[in-house]
Amino acid sequence: MPSSRILDNKKKIVEELIAEMKSAQTILIADYRGLTVEQDTAMRSELRKEEVVYKVVKNTLASIAAKEAGMGYLDPLFEGPTAIAYSTKDVVAPAKVLQKYADKIEAFTIKGGAMENSVISAQDIKSLASIPPKEVLYGRVVCGIAAPITGFAMILKAIADKGMETNTANVAELAV
């Protein structure tokens with residue numbers, strides 16, 4: 001039987017994991033075997049820049065926390081060496097960084113995860129990682145909104161130019 005100090009420490013870890021899992025927008029679970037110290041350090045640094053929390057956890061504690069957080073469906077993923085990455089701010093950031101390293105390092109694998117209270121597969125995570133950055137998406141929306149207005153302005157300019165060429169004062173005469 002472990003000492004009360006060890007049990008209290010484990011309870012504290014589980015309580016923190018429960019709170020973090022409940023507040024996370026996306027939770028990813030990975031098998032970190034095969035990473036060198038340099039690769040792990042580089043990945044952790046990149047995750048910190050994206051405000052993603054990355055932790056290596058004991059499977060038993062992670063399983064207990066997931067069940068308490070209402071995410072018992074994650075239990076099958078807690079086998080072998082387990083690392084958890086999550087973000088409370090950005091849904092896509094954990095997937096982008098982890099997938100980048102999973103693509104580069106054959107030994108590093110993403111097992112799956114959770115998003116919006118449902119399980120997501122490694123393939124779903126790969127799709128999530130391929131979503132363009134916010135800035136690109138914003139640009140696409142702005143272009144989509146501006147395109148009809150730009151087209152209309154170009155038509156008006158062409159009508160005005162034709163009116164100037166033909167010395168027509170009434171635009172209605174140009175339509176005939």
Study note, to complete from the structure: To the nearest Å², the heavy-atom accessible area per residue of the chain with 1.4 Å probe amounts to 63
Study note, to complete from the structure: To the nearest 0.05, the calculated FRET efficiency linking LYS11 and GLU50 through their beta-carbon distance, R0 being 30 Å, is 0.50
Check your understanding: Of GLY34, GLY113, ILE149, which is farthest on the positive side of the dipole of the chain, counting Cα position, with +1 on Lys and Arg Cβ, -1 on Asp and Glu Cβ, and the Cα centre as origin?
Key -> GLY34
Revision key, fill the gap. Note to self, the chain gives a 222 nm [θ] from helices alone (DSSP H runs n ≥ 4, -39500 (n - 2.57) apiece, / all residues, nearest 500) of -18500 deg cm²/dmol
Practice item. Work out the length of the dipole vector of region 69-121 about its Cα centre, built from +1 on the beta-carbon of each Lys and Arg and -1 on the beta-carbon of each Asp and Glu, and round it to the nearest 20 debye. Key: 200
Point to revise | Sulfur and carbon atoms: percent of accessible area, the chain [1.4 Å] | key: 59
Study note, to complete from the structure: From the Cα centre of region 23-41 to that of region 97-159, the distance in Å is 22
Exercise for review: Using the structure shown, list the pairs from LYS49/LYS104; LYS10/LYS104; LYS12/LYS89; LYS11/LYS126; LYS58/LYS96; LYS134/LYS162 with a Cα-Cα distance above 31 Å, or answer none.
Suggested key: LYS10/LYS104; LYS11/LYS126; LYS134/LYS162
Revision key, fill the gap. Between ILE120 and residues 5 or more places away or on another chain, the pairs with built amide H atoms under 5 Å apart involve GLY113, ALA114, MET115
Exercise for review: Just grab the label-to-label distance for ASP103 and VAL136, each label 7 Å out from Cα along the Cβ direction, in nm (one decimal).
Suggested key: 1.0
Check your understanding: Among 6-18, 85-97, 62-74, 145-157, how do they line up from the highest to the lowest mean number of other beta-carbon atoms within 10 Å?
Key -> 85-97, 62-74, 6-18, 145-157
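The values are calculated or read from the model by the stated rules, or taken from the named source; none is laboratory data. Just so it is clear, the model here is predicted, and its values are computed rather than measured. Heads up, the Cβs are rebuilt from the backbone with ideal geometry, glycines too, and the neighbour counts pull from every protein chain shown. For accessibility, only protein heavy atoms count, side chains too; no ligands or nucleic acids. Shrake-Rupley method; radii C 1.70, N 1.55, O 1.52, S 1.80 Å.
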